[in-house]
Amino acid sequence: MTGPAWPIAALLVGYPVWWALGFGGLSVIVLAVPMAVLLWRRRPIRVPRGFGLWLLLLAGYLVSALMLTETPPGTYGAFGPGRVVGYGMRLALYVSILIMVVYLGNLTRRELPQLRLVRMLGVLFVTTVAGGLLGVFLPGFSFTSPVELLLPEWIGGNSFVQNIIHPTAAQTQKVLGFSLARPEAPFEWANAWGSNASVLLVWFVIGWWVYGRTRHRVFVAVVLALAAIPIVYSLNRGLWIGLGLAVLYLIVRVGGRTRVALCGAAAAATLAFTLSPLASVFAQRLDKPHSNDIRAFTVGATLTAAGHSPVIGYGNTRNARGNHRTITTGKTDWCDTCGHPPLGSDGQLWLLIITQGFTGAALYVAFFLGAIRRHWRDRSPIGLGGVLVMGLVLLYMFVYDGLVTPLSLYLISFALLWRNAEQGDHA
């Protein structure tokens, strides 16, 4: 915490403190300021390959502000402070994450060894599991954060902002036909928890199992057993699919005794899970595809609206008229929770399409596909893990929003690949 890498340690290891203060995923914006200052002092600054694509994505978002006042056909809502606040927060996050990636790539191996960064991500995974267990066993836990107390109502009352600044343990939803808590602590919402858990699990296993000793591996086994509880109760089908594909990816890409051991571990874990009480919850979720119709409606409405501004989008999300059952449902002054989720809320791909048009979505996909192509031959543990995460990013863009915290973890994983290519795998 005293060397040049202290902002990264403060972000990853100190994340529970940021969450309790009400910053949560916005902590990267706060820490981007000292990162930018430190970067400026160590010029010349190196940038990764693919950097231009992200700059174009950022430039496109700036241009999309021209459409903030517009209301595309099939949507409702007047232009107001809430729309501007949402746009400003996303812009600040995009810029801050860019600074963070460049900062990570310019730290030397001595200033921040690869293994130390990977293990910091592993510590955040342990925090994620603890937050998930809190959401399962104490779902009603929440409190008013200091940031929430300080912000004026016209900002803090915005639903997007409220999800970030108000710490809660779980979201209660009727996914199975009855109220059930889905863990979200220490992140913004349940889907963010699912996305982050899978990405952090990759680095937790690499940092503390692959590069760990016997006592570390015992610790990993215990944490993973505990993690199964919130992973199942999260009811995140995207997370489950992502974990299944991750196992298949590793089986294909590793060889020899490692492949045999991985297959054996996967078989043993599957058997243990099947015999556990968690299997019934898993089966119930598969039997009740609660969100399919909702997602289909939102995606269709997003594509229709984006068709009226396909190049630069609308700068921010919009609200669709009606929902998948009726055209008359919508938010009112007496029912703020009525209506349908905002357009673009069902995945980063759809968010980019509504906010930045099909151009922004293409740049996003090209950025992560390029990372996979460039680093595919890196068969070190960090190389394999980084490429796996890049693949998960492309999978999750259909079902999970990248903002707020997931995108930070995606880009830290990208930075690990970049550092590996520049410095070699000396973990």
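The values are calculated or read from the model by the stated rules, or taken from the named source; none is laboratory data. Quantities reported herein were computed from a predicted structural model and do not represent experimental measurements. No Cβ is skipped: glycine too gets one built from the backbone with ideal geometry, and neighbour counts run over all protein chains shown. Please note that ligands, DNA and RNA were not included when accessible areas were found on the heavy atoms of the full protein model with its side chains. Shrake-Rupley method; radii C 1.70, N 1.55, O 1.52, S 1.80 Å.
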Return only the number of the condition from (1) within 17 Å of Phe160 (Cβ to Cβ); (2) at pLDDT 90 or above; (3) open to solvent by 50 Å² or more (accessible area, probe 1.4 Å) that Leu56 does not satisfy.
(1)
Which one of Phe125, Phe187 is part of a loop (DSSP other than H, G, I, E, B) and crowded, with 20+ Cβ neighbours inside 10 Å?
Phe187
Which condition from (1) within 30 Å of Pro73 (Cβ to Cβ); (2) open to solvent by less than 10 Å² (accessible area, probe 1.4 Å); (3) in contact (Cβ under 8 Å) with a residue 60 or more places away in the chain is the one that Ala366 breaks?
(2)
Return only the number of the condition from (1) part of a helix (DSSP H, G or I); (2) over 25 Å from the mean Cα position of the chain (by Cα); (3) under 30 Å from Leu138 (Cα atoms) that Ser276 does not satisfy.
(1)
When the residues of the range 369-396 are filtered to those that are surrounded by 20 or more Cβ atoms within 10 Å (Cβ to Cβ) and of a type in the set (Val, Ile, Thr), which remaining residue is farthest from Ala190 (Cα to Cα)?
Ile382
Within the range 316-324, identify whether any single residue is outside any helix (DSSP H, G or I), open to solvent by 10 Å² or more (accessible area, probe 1.4 Å), touching a strand residue (DSSP E or B) at 6+ places or on another chain (Cβ under 8 Å) and modelled with pLDDT under 90, and answer yes or no.
yes
Which residues, counting only those in the range 117-133, are more than 15 Å from the chain's Cα centre (by Cα) and closer than 24 Å to Phe51 by Cβ?
Leu117, Val118, Met120
For Asn163, are the conditions met, namely being open to solvent by 60 Å² or more (accessible area, probe 1.4 Å), in contact with an Asp or Glu (Cβ under 8 Å, 6 or more places away or on another chain) and not β-branched (Val, Ile, Thr)?
yes
Residue that is charged (D, E, K, R), out of contact with any Ser or Thr (no Cβ under 9 Å at 6 or more places or on another chain), open to solvent by 10 Å² or more (accessible area, probe 1.4 Å) and at pLDDT 95 or above, where the choices are Arg119, Arg109:
Arg119
Return only the number of the condition from (1) surrounded by fewer than 20 Cβ atoms within 10 Å (Cβ to Cβ); (2) touching a His at 6+ places or on another chain (Cβ under 8 Å) that Gly22 does not satisfy.
(1)
Which numbered condition trips up Tyr249, out of (1) within 30 Å of Val85 (Cβ to Cβ); (2) at pLDDT 85 or above; (3) open to solvent by 30 Å² or more (accessible area, probe 1.4 Å)?
(1)
Looking only at the range 48-96, count every residue that is of a type in the set (Gly, Ala, Ser) and part of a helix (DSSP H, G or I) and tell me the total.
10
